[in-house]
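Notes for the one structure printed next.
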């Protein structure tokens, strides 16, 4: 299906699902899929899953949950529990999501075409996108489809409707090559099992000239960042450590650097540790910064 057709045929839920179905491939071997009743299976390998809803696509088989990093499911559950607690207070949740996404509003407004949001959750990004976009969320958690998120529609009217949703993980994108004009990863890389593979998959599904936006938390800087006068040492120190002990910028920078040398850079319990050097290695020859 051409890009123009994918962009035009979005007038109903049925058309949207039909369009998405034509983009899907086996997440494991990337071959064509067969759709029969409630079963989705690969034409080339033994991948198969039950389609448990008519409103979204399930492309997350048990085999794909067999992560190399055995604590992935535990970390995923921690993250899901955190958001369940957050959405219980709609005002706090709206404030949190605004603080998270608003800094990227001007960039998101420039995007057009087909957009994939890896780990996009409830699809708040839609609030900042223009009308000339076709947006798909890929996420392993079904919690984002819960009715409780509609309590945030005063701040985010887009949440009145669910996003086009595909259940899956970034390491095994169930989409054909050169499908998207932009791929987004807001903090989801921190929750991945194999971030390098996520980069590889993002490069595969992007069209030539496509963009990959990666936003991270807890990233370990390189040593020379600490001598950069623009490095926000005081801000980082206050965010990660005890703000009452901050006396001035030099003290914060000094303390941060020794934490860095001792391998004590803070890490959220549901995150994996990522260094700036890792990002540079993962982007390889596929991306230009």
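Please treat every number below as a calculation from the coordinates, not as lab data. Keep in mind the model is a prediction, meaning the values are calculated, not measured. Neighbour counts run over all protein chains shown; Cβ positions are idealised from the backbone, glycine included.
Among rounded, prolate and oblate, which fits the stretch 53-183 when a ≥ b ≥ c are the square roots of the eigenvalues of its C-alpha gyration tensor, a/c under 1.5 means rounded, and a/b larger than b/c means prolate? Verdict is oblate for the stretch 53-183.
Based on the mean of other beta carbon atoms within 10 Å per residue, what is the order of 144-152, 196-204, most packed first? Write down the numbers at each step before the final one.
Numbers: 144-152: 16.7, 196-204: 20.4.
So the order, starting with the most tightly packed, is 196-204, 144-152.
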